[in-house]
Amino acid sequence: MRLVIILFFLALIGFTLVATVAEMPLYGHPENPTNNEVPERFIEKGTEETGVMNIIGGILVDYRAFDTLGEATVLFVAIAAALSALKAHSH
Amino acid sequence: MEDLIVRTISRTLVPFIQVYGLYIILHGHLTPGGSFSGGAVLGSSMILFALSFNLERGAKKLSHDASTVLECGGILIFAMLGFYGILAGTNFLTNLKAGFYPGVPGEFFSAGFIIFITVALAFKVASTVITLFYNLIETEGEAHD
């Protein structure tokens, strides 16, 4: 009985996931909600506003520099935590 | 690991890997790549060096003090360049509007503070990779003693 219930719920979850994937927008379709004014702005004015040829670099270090600073902080905290945990065991 | 083939090949390859990593870092504003990928390439070249030779010779190439300076210096340079934007009367981490040298897009000296941040962050990422690797290896060695 338990096995039947487990299998039923697994099938239900699987059906839901497959149905969700089937409803997703096509990859690279021009009508997708991701193709809005934000990537247009980056592609058209990115070089002019940041002076880079590599627009991804311009987005990372200019438009979203604060996010990159946060990433660097995460790296710093991660290495500090790892070192404190490792060094605590060696003494 | 004391293998002649591995040592010879890695001794030949490490300079090329490092030059490629520096190219990715310094051309972060011109070609695909940037601080994180270039720093990972630089760091993995040092890991290859330490793996193929014994650890002591690898550790001499980058001491713990040097990695501490790189680690803290990279993020400090990043934050200081951000504070320059406030001093210039704009927002935190403003690039061209804060008065950094814009240059001509496509030339090496262009794009304001992006090149400085890329270099600082890349050395920080490289030192993070190397420091974590050396410390894990050292802890492993002490556990076996």
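The table below lists the values:
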read-out	value
Residue in segment A:69-86 that is under 30 Å from B:ILE137 (Cα atoms), open to solvent by less than 80 Å² (accessible area, probe 1.4 Å) and acidic (Asp, Glu) present	yes
Flag for B:ALA122 being open to solvent by less than 30 Å² (accessible area, probe 1.4 Å) and not in a helix (DSSP H, G or I)	no
Filtered residues of segment B:121-137 (kept if within 22 Å of B:HIS29 (Cα to Cα) and among the hydrophobic types (A, V, I, L, M, F, W, C))	B:LEU121, B:ALA122, B:PHE123, B:VAL125, B:ALA126
Set A:GLY46, A:GLY58, A:GLY28, A:GLY14: member being outside any loop (DSSP other than H, G, I, E, B), free of Cβ contacts under 8 Å to residues at least 60 places away in the same chain and surrounded by fewer than 13 Cβ atoms within 10 Å (Cβ to Cβ)	A:GLY14
Members of segment B:83-117 found to be at the interface with chain A (Cβ under 8 Å from one of its Cβ atoms) and either touching a strand residue (DSSP E or B) at 6+ places or on another chain (Cβ under 8 Å) or in contact (Cβ under 8 Å) with a residue 40 or more places away in the chain (or both), listed by number	B:GLY106, B:SER110, B:ALA111, B:ILE114, B:ILE117
Residue list for segment B:125-145, filter: more than 9 Å from chain A (Cβ to nearest Cβ), open to solvent by less than 60 Å² (accessible area, probe 1.4 Å) and modelled with pLDDT under 75	B:GLY141
Failed item, numbered, when B:PRO105 is tested on (1) under 13 Å from B:GLY39 (Cα atoms); (2) in contact with a Gly (Cβ under 6 Å, 6 or more places away or on another chain)	(1)
Residues being in contact with a Phe, Trp or Tyr (Cβ under 8 Å, 6 or more places away or on another chain) and either polar (S, T, N, Q) or open to solvent by 60 Å² or more (accessible area, probe 1.4 Å) (or both) - total across segment B:1-25	2
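The values are calculated or read from the model by the stated rules, or taken from the named source; none is laboratory data. Since this is a predicted model, take the numbers as computed values, not measurements. Virtual Cβ from ideal backbone geometry, glycine too; neighbours counted across all protein chains shown. We work out accessible area using only protein heavy atoms, side chains counted, and drop any ligands, DNA or RNA first. Shrake-Rupley method; radii C 1.70, N 1.55, O 1.52, S 1.80 Å.
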